[in-house]
1. Using a Förster radius of 41 Å, what is the FRET efficiency between Glu57 and Ser16 based on their Cβ-Cβ separation? Nearest 0.05, please.
2. From the phi of every residue in the range 98-115, what ³J(HN,Hα) in whole Hz does the Karplus formula 6.51 cos²θ - 1.76 cosθ + 1.60 yield, where θ is phi - 60° and glycine or proline is x?
3. Which angle from 0 to 90°, rounded to the nearest 10, does the C-alpha axis of helix 28-40 make with the longest principal axis of the chain?
4. Could you please state how large a percent of the accessible area of the chain is carbon and sulfur, counting protein chains only and using a 1.4 Å probe?
5. In square angstrom, what is the accessible area per residue of the chain with a 1.4 angstrom probe?
6. Once the chain is represented by equal point scatterers at the alpha-carbon sites, with solvent omitted, what log10 I(q)/I(0) does the Debye formula produce at q = 0.12, 0.17, 0.18 Å⁻¹?
7. Show that you can apply the helix-only estimate: for the chain, add -39,500 (n - 2.57) for every DSSP H stretch of four or more residues, divide by all residues, and state [θ] at 222 nm to the nearest 500.
8. Report, to the nearest 10°, how far helix 15-25 tilts away from the longest principal axis of the Cα atoms in the chain, using its own Cα long axis and a range of 0 to 90°.
Amino acid sequence: MTEQMKLPHDHHGDASLEAHLIETLHAAGDFSMAANVFKQLSDSSRLRIFWLLCHCEQCVVNISSMVEMSSPAVSHHLRQLRLSGLIESRRVGKEVYYRAANSDESRLLHQVIEEIIAVSCPK
């Protein structure tokens with residue numbers, strides 16, 4: 001972009017803020033990443049699984065039992081959550097255990113979920 005884009009309405013009167021906003025809006029990759037995370041959590045089953053894994057580490061069999069869903073369906077949701085970076089896994093023998101990723105994104109999303117549905121974390 002060779003010349004500075006001008007917004008049709010000047011609501012802030014701060015040229016540096018306007019330039020920052022325009023530059024940030026053009027960082028489409030950042031917004032795509034955020035949209036992908038929200039897309040993963042748009043499924044209520046996936047959201048429940050993520051919330052559970054924010055509180056404890058579980059294997060597929062236990063998750064299936066707790067959310068009353070078949071193991072293949074749970075495995076599909078876990079794969080999606082893992083690919084989006086919201087959960088991580090570890091293998092112990094034949095078992096694979098899942099938990100929420102130790103990241104700012106996971107912690108923030110967990111907090112948002114809890115505030116939205118007014119569920120309190122066990123102490």
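The values are calculated or read from the model by the stated rules, or taken from the named source; none is laboratory data. Computed from a predicted structure; not experimentally measured. Positions of Cβ are generated from backbone atoms using ideal geometry, with glycine treated the same way; all protein chains shown enter the neighbour counts. SASA here: full protein model, heavy atoms, side chains in, ligands and nucleic acids out. Shrake-Rupley method; radii C 1.70, N 1.55, O 1.52, S 1.80 Å.
1. Working: r = 46 Å, r/R0 = 1.12.
That gives a FRET efficiency of 0.35.
2. Result, rounded to whole Hz: 10, 7, 5, 5, 7, 9, 4, 4, 5, 5, 5, 5, 4, 4, 5, 4, 4, 5.
3. 30 degrees
4. Details: 4790 of 8630 Å².
Ligands and nucleic acids excluded, carbon and sulfur reach 56 percent.
5. Details: 8630 Å² over 123 residues.
I get 70 Å² per residue for this part.
6. One equal scatterer on each Cα of the chain leads to -0.57, -0.86, -0.93.
7. Numbers: 6 runs with 71 residues, N = 123.
Theoretical 222 nm ellipticity from helices: -18000 deg cm²/dmol.
8. Rounded to the nearest ten degrees, it is 40.
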